[in-house]
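Q: Sharing a structure, written as structure tokens. Questions coming.
The values are calculated or read from the model by the stated rules, or taken from the named source; none is laboratory data. This one's a predicted model, so the numbers in the text were calculated from it and none came from an experiment. Note that each Cβ is placed from the backbone with ideal geometry, even for glycine, and that neighbours are counted across all protein chains shown. For accessibility, only protein heavy atoms count, side chains too; no ligands or nucleic acids. Shrake-Rupley method; radii C 1.70, N 1.55, O 1.52, S 1.80 Å.
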Amino acid sequence: MQTYIKPTHKQAAVDALKRLVKHPSSTTEAVPGAPFGQPIRDALDEMMRICAELGFKTYTDPDGNYGYAEVGEGEAIFGILGHVDVVPAGDVADWHHDPFDLTVENGVMYGRGVQDDKGPSVAALYAVKALMDAGVTFKERIQFIFGTDEETLWRGIAVYQQKEEPITHGIAPDSEFPVTYAEKGLQQSYFVGPGSTEFTLTMQNAFNAVPAKAQYNGPKLAEVKAALADLGFDYDTDENGITVTGKSVHAMLAPQGTNAVLRLAMALDKVFPDGPLGIIGRCFKEDATGTNLVGEVSDEASGQLTVNISNIEVSEKETRMQVDMRIPVTVDHDELIQKMTEKVAAFGYRYEDFDYLAPLYVPKDSELVEKLMAVYHEVTGDDTGPQVSGGGTYARTMNQCVAFGAMLPGVPDYMHQVDEQWAVEKMVTAMEIYAAAIKAIAGQ
């Protein structure tokens with residue numbers, strides 16, 4: 001099979017990714033022209049400059065909600081959906097490299113966004129550039145679409161859908177190889193209940209990441225330490241109090257993580273048994289599947305429900321818990337939420353909806369999935385079949401669109417984690433897959 005990626009494309013991709021990683025593009029306060037904060041707008045502008053330098057026609061929404069870059073001719077549009085925003089780096093002191101200064105060490109790139117999603121977007125972009133350099137022409141318009149708040153509420157891509165022509169089909173390089181033909185429903189919500197006059201908590205964590213740390217420096221500190229020890233939970237102490245430690249993973253993989261927030265809550269419930277955290281200490285506990293709340297929820301197509309409680313804020317007025325759920329594709333959403341509402345009410349809590357994304361399903365025997373799978377098998381020799389994911393990608397917002405890469409099977413998942421990393425040669429393999437797939441579908 002012909003290869004398209006040359007050493008010059010590999011180096012150019014790394015250099016472009018370095019330009020993008022330098023922008024700490026997490027959601028911040030809106031300013032004119034930057035609805036999700038200036039750092040995200042800066043990253044979007046950087047991406048548009050890179051695309052223009054490569055010969056793409058570019059357009060940036062004047063309000064800063066999205067941008068796109070296009071090459072090729074024809075009525076049909078093959079969309080490639082990425083995003084320039086990232087989750088916060090957390091405590092930079094925990095990183096072995098500056099998260100916003102791309103470092104290549106022993107063939108591995110380190111930096112926030114190298115796996116999610118700046119690196120995969122760059123890989124797909126330079127795959128198309130390699131096709132252009134090889135003289136390949138396109139019978140469809142190849143349109144790279146860059147969203148700006150994928151890690152939060154997807155408002156930027158919603159504006160794109162309102163303003164722009166719909167794509168014909170496409171891919172989102174924001175997951176794993178091979179094809180993800182189905183994605184679980186994504187529900188983000190709050191449990192809101194009574195406050196406490198005995199202690200307070202204030203934590204800031206993303207919905208979609210299992211928290212690796214939870215800090216406490218309130219009343220009965222010695223008793224909380226004893227409770228943590230009795231529960232067998234790891235923690236550190238310093239002048240700022242207690243830091244409960246866990247293991248961070250993406251929320252879609254919540255059962256594989258160790259939730260420090262839940263562990264702290266369980267200890268606090270032992271020390272303050274009349275407080276508001278009984279729902280955690282005596283019901284939910286460290287459950288990441290929702291079984292303790294609503295029983296077994298799963299289907300054959302997409303597996304088990306996952307539930308991640310990433311924030312618990314306690315004030316005198318109220319307790320607010322931040323909840324991320326990945327719902328199996330055939331499960332009735334409304335019935336599940338009603339059952340959960342009734343269960344948390346028994347602990348004095350109310351359920352509050354925040355955001356919901358319906359599941360994605362493109363049949364495995366569709367032309368798009370079959371072509372992508374054929375290319376993947378030919379390039380890699382791996383016979384892995386199409387898969388289902390608990391993750392949520394922009395693919396579910398578009399017509400005939402699936403998640404496709406960029407992580408190869410066996411590549412460790414560092415998305416949303418400290419020391420986010422991606423091996424350069426794994427990126428090159430992804431670039432070869434993208435080049436072959438785009439040529440097969442849209443080349444002539």
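Q: Please specify each residue of segment 355-376 satisfying the condition of being open to solvent by 50 Å² or more (accessible area, probe 1.4 Å) and either among the hydroxyl-bearing types (Ser, Thr, Tyr) or without any contact (Cβ under 8 Å) to a residue 40 or more places away in the chain (or both).
A: Within segment 355-376, 356, 361, 365, 367, 370 qualify.
Q: Moving on to the next point. Which of the residues spanning segment 81-119 are open to solvent by less than 30 Å² (accessible area, probe 1.4 Å), in a helix (DSSP H, G or I) and among the hydrophobic types (A, V, I, L, M, F, W, C)?
A: Selection gives nothing.
Q: Residue 71 - would you say it is over 19 Å from residue 134 (Cβ atoms) and among the β-branched types (Val, Ile, Thr)?
A: Working: over 19 Å from residue 134 (Cβ atoms): no; among the β-branched types (Val, Ile, Thr): yes.
Taking the combined requirement at face value, the residue does not satisfy it.
Q: Please go through segment 146-166 and give me each residue that is over 19 Å from the mean Cα position of the chain (by Cα) and either surrounded by 24 or more Cβ atoms within 10 Å (Cβ to Cβ) or part of a helix (DSSP H, G or I) (or both), ordered by number. Don't jump to the end; show me each part of the working.
A: We begin by selecting, within segment 146-166, every residue over 19 Å from the mean Cα position of the chain (by Cα); these are 159-166.
Result: 159, 160, 161, 162, 163.
Q: Of (1) in contact (Cβ under 8 Å) with a residue 40 or more places away in the chain; (2) buried (at least 16 other Cβ atoms within 10 Å of the Cβ); (3) over 29 Å from residue 423 (Cα atoms), residue 60 satisfies all except one. Which?
A: If we test residue 60 against (1) in contact (Cβ under 8 Å) with a residue 40 or more places away in the chain; (2) buried (at least 16 other Cβ atoms within 10 Å of the Cβ); (3) over 29 Å from residue 423 (Cα atoms), just (1) comes out false.
Q: Which pairs turn up if I take residues in segment 403-415 that are at positive phi and look for partners that are in a loop (DSSP other than H, G, I, E, B) with beta carbon separation below 6 Å, at least 6 apart in sequence or on another chain?
A: Matching pairs, first to second residue: 405/173; 405/177.
Q: Among the candidates 29, 53, 70, single out the residue that is of a type outside the set (S, T, N, Q), surrounded by fewer than 19 Cβ atoms within 10 Å (Cβ to Cβ) and touching a Lys or Arg at 6+ places or on another chain (Cβ under 9 Å). Even if it seems obvious, please write down each step before you answer.
A: On the way: 29 fails: touching a Lys or Arg at 6+ places or on another chain (Cβ under 9 Å); 53 fails: touching a Lys or Arg at 6+ places or on another chain (Cβ under 9 Å).
Selected residue: 70, the only one of 29, 53, 70 that is of a type outside the set (S, T, N, Q), surrounded by fewer than 19 Cβ atoms within 10 Å (Cβ to Cβ) and touching a Lys or Arg at 6+ places or on another chain (Cβ under 9 Å).
Q: Could you say whether any residue in segment 170-191 is buried (at least 17 other Cβ atoms within 10 Å of the Cβ), over 27 Å from residue 117 (Cα atoms) and not acidic (Asp, Glu)?
A: Looking for residues that are buried (at least 17 other Cβ atoms within 10 Å of the Cβ), over 27 Å from residue 117 (Cα atoms) and not acidic (Asp, Glu), one finds at least one in segment 170-191, hence yes.
Q: A follow-up question, please. Is there any pair linking a residue in segment 275-304 that is in a helix (DSSP H, G or I) to one that is open to solvent by 30 Å² or more (accessible area, probe 1.4 Å) and polar (S, T, N, Q), with Cβ under 8 Å and at least six apart or on different chains, and which?
A: 283/292; 284/292
Q: Filter segment 258-274 down to the residues that are open to solvent by 20 Å² or more (accessible area, probe 1.4 Å) and part of a loop (DSSP other than H, G, I, E, B) and list them by number.
A: Result: 273, 274.
Q: Tell me yes or no: at least one residue of segment 127-145 is of a type in the set (Val, Ile, Thr), surrounded by fewer than 24 Cβ atoms within 10 Å (Cβ to Cβ), touching a strand residue (DSSP E or B) at 6+ places or on another chain (Cβ under 8 Å) and farther than 21 Å from residue 406 by Cα. Spell out how you get there, then give the answer.
A: First pass over segment 127-145, keeping only residues of a type in the set (Val, Ile, Thr): 128, 136-137, 142, 145.
Narrowing further to those that are surrounded by fewer than 24 Cβ atoms within 10 Å (Cβ to Cβ): 136-137.
Remaining after also requiring touching a strand residue (DSSP E or B) at 6+ places or on another chain (Cβ under 8 Å): 136-137.
Add one more test, that the residue is farther than 21 Å from residue 406 by Cα, and what stays is 136-137.
Yes.
Q: What pairs come out if I take residues in segment 6-21 that are open to solvent by 70 Å² or more (accessible area, probe 1.4 Å) and of a type outside the set (Val, Ile, Thr) and pair them with residues that are modelled with pLDDT of 95 or more and part of a helix (DSSP H, G or I) whose C-beta lies under 9 Å away, six or more apart or interchain?
A: Note: pairs meeting the criteria are 6/130; 6/133; 19/46; 19/47; 19/49; 19/50.
Q: Continuing with the same structure: In segment 314-328, what residues are open to solvent by 40 Å² or more (accessible area, probe 1.4 Å) and either in a strand (DSSP E or B) or at pLDDT below 95 (or both)?
A: Here is the first cut: in segment 314-328, the residues open to solvent by 40 Å² or more (accessible area, probe 1.4 Å) are 315-318, 320.
Passing the criteria: 318, 320.
Q: In segment 211-252, what count of residues is obtained for those that are in contact (Cβ under 8 Å) with a residue 40 or more places away in the chain and crowded, with 20+ Cβ neighbours inside 10 Å?
A: The qualifying residues number 11.
Q: Which condition number does residue 336 fail, the rest of (1) under 25 Å from the mean Cα position of the chain (by Cα); (2) closer than 16 Å to residue 181 by Cα; (3) assigned to a helix (DSSP H, G or I) being met?
A: (2)
Results for (1) of a type outside the set (Val, Ile, Thr); (2) without any contact (Cβ under 8 Å) to a residue 60 or more places away in the chain; (3) not assigned by the TED database to the domain that holds residue 394, shown as yes or no for each residue.
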| site | (1), (2), (3) |
| --- | --- |
| 114 | no, no, no |
| 121 | yes, no, no |
| 131 | yes, no, no |
| 135 | yes, yes, no |
| 152 | no, no, no |
| 159 | no, no, no |
| 168 | no, no, no |
| 180 | no, no, no |
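Q: Kindly indicate whether any position in segment 333-353 is surrounded by 13 or more Cβ atoms within 10 Å (Cβ to Cβ), among the basic types (Lys, Arg) and either at pLDDT below 95 or within 18 Å of residue 390 (Cβ to Cβ) (or both).
A: No, segment 333-353 has no match at all.
Q: Looking only at residues in segment 339-365 that are in a strand (DSSP E or B) and aromatic (Phe, Trp, Tyr), which one is farthest from residue 196 (Cα to Cα)? Let's see the steps before the verdict.
A: Start the filter on segment 339-365 by keeping residues that are in a strand (DSSP E or B), which leaves 350-357, 360-361.
Right, trim to aromatic (Phe, Trp, Tyr) and you get 351, 354, 356, 361.
Details: 351: 19, 354: 24, 356: 30, 361: 44 Å.
Per the stated criteria, the residue is 361.
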